[in-house]
Amino acid sequence: MLSLPDFKQKQIIVALLSHGEKMSFKNDNIVIHDLDGTIKHQSTCYRLFALFVVGHITVTTGLLQRAKKFGFSIFFLSHSLSPYGNWLSGTQGNVILRRKQYIYNDTLIAQHIVKNKIEQQIGILNKKRDKSDKLIEALILLHDYSDRLPNKSFDFQIILGIEGVASRIYFEQMFREIGWNSRKPRAKRDILNLLLDIGYTLLFNLVDAMLNLYGFDTYQGVYHREFYQRKSLVCDIVEPFRPIVDKTIHKAYKLGRIDEKDFDFIDDQYRIFGKKSQPYISFLLNGLLDYKEDMFLYVQSYYRAFMREKPMEHYPVFRIDK
């Protein structure tokens, strides 16, 4: 399995395409050509961990074979940045791990994950300079919800309720000066929710690729319940890392990097297309890559603790203010 020193050398690349490009493989390199054959991009497969392809492209079977050989994943997104497919690379046939996943039936890992998420939300809000009365009140409430976990008598509904209320309190204070309404996943009713969706999608795919390194059944969760074609375990593991996206977007707003003119409003939804999306993907991905190693070590530690059935104090904890 991939070690941390090896992972540090790996690259995550976003290929933003327009029309007619072809992706192929040559001399252990990924090559993207224009229609006229001009090379737009070239990267060595040895150092590639994940490739995000934005737009429509022709992909050769040779490239897909090399992706498996060199162990990198490919994620396909539409021009509006909606995911429509992937080609994942990872460990196959980790039967012992999957047996453990299928028989696990407790709430302790779920509570550990949610508590970790709330603690990072508190950490971000504590960084705000303007400590208004509402912010101080929100921090007190969030500390209270965090302190309730873990509790062996809590079922999944109670945990979901705690996470939901805590997130509502957090978002109201996190984006209060930006004109926050409410979190509406995938509805894209405002630019802020659209950017959160894009950032969370990038995060989801990165964690998905990392979990596949160890052979997890990513559809079998410990917190989010099983649902047809939902990768519940990925939904679980991304939770402590979501505040990275929130912090990155908040910083972009403060720096004036969000321009409403870049976005289109179509069928009651905000969208962003083509070259206009490039700077947004760039700052969102760079924000996540600042914590690339932290995410890798988290997944690695989670795997080791889960496989060895360790007590909860051995499970990883993510710290956003490392």
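The values are calculated or read from the model by the stated rules, or taken from the named source; none is laboratory data. Just so it is clear, the structure is predicted and the values come from calculations on it, not from any experiment. FYI the Cβ positions are ideal-geometry reconstructions off the backbone, even for glycines, and counts take in every protein chain you see.
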Would you mention how many residues in segment 10-26 are assigned to a loop (DSSP other than H, G, I, E, B) and in contact with a strand residue (DSSP E or B) (Cβ under 9 Å, 6 or more places away or on another chain)? 4
Hey, does segment 235-255 have a residue that's touching a residue at least 40 places away in the same chain (Cβ under 8 Å), farther than 25 Å from I13 by Cα and outside the structural domain of V53 (by TED's automatic domain parsing)? no
Got a number for residues in segment 144-186 being surrounded by fewer than 17 Cβ atoms within 10 Å (Cβ to Cβ), part of a helix (DSSP H, G or I) and touching an Asp or Glu at 6+ places or on another chain (Cβ under 9 Å)? 1
Does segment 241-260 contain at least one residue that is surrounded by 18 or more Cβ atoms within 10 Å (Cβ to Cβ), in contact with a helix residue (DSSP H, G or I) (Cβ under 8 Å, 6 or more places away or on another chain) and either modelled with pLDDT under 95 or not in a helix (DSSP H, G or I) (or both)? yes
Scanning segment 1-58 for residues that are aliphatic (A, V, I, L, M), surrounded by fewer than 12 Cβ atoms within 10 Å (Cβ to Cβ) and farther than 30 Å from S301 by Cβ, which turns out nearest to the chain's Cα centre (by Cα)? I39
For segment 224-261, name all the residues that are of a type in the set (S, T, Y) and under 18 Å from the mean Cα position of the chain (by Cα). S232, T248
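Within segment 45-130, which helices (runs of 4 or more DSSP H) (wholly inside it) include 2 or more residues that are of a type outside the set (F, W, Y) and under 30 Å from S146 (Cβ atoms)?
95-103, 108-126
Suppose we filter I162, I124, I118, I169 for residues that are in contact with a helix residue (DSSP H, G or I) (Cβ under 6 Å, 6 or more places away or on another chain), closer than 21 Å to F283 by Cβ and in the same structural domain as I244 (by TED's automatic domain parsing); which single one remains?
Working: I162 fails: closer than 21 Å to F283 by Cβ; I118 fails: closer than 21 Å to F283 by Cβ; I169 fails: closer than 21 Å to F283 by Cβ.
When all the criteria are applied, what remains is I124.
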Could you tell me which numbered condition K127 fails, if it satisfies all but one of (1) at pLDDT 95 or above; (2) within 25 Å of the chain's Cα centre (by Cα)? (1)
Flag for P279 being surrounded by fewer than 16 Cβ atoms within 10 Å (Cβ to Cβ), part of a helix (DSSP H, G or I) and in contact (Cβ under 8 Å) with a residue 12 or more places away in the chain: yes
Residue within segment 198-220 that is part of a loop (DSSP other than H, G, I, E, B), of a type in the set (S, T, N, Q) and touching a residue at least 24 places away in the same chain (Cβ under 8 Å) present: yes
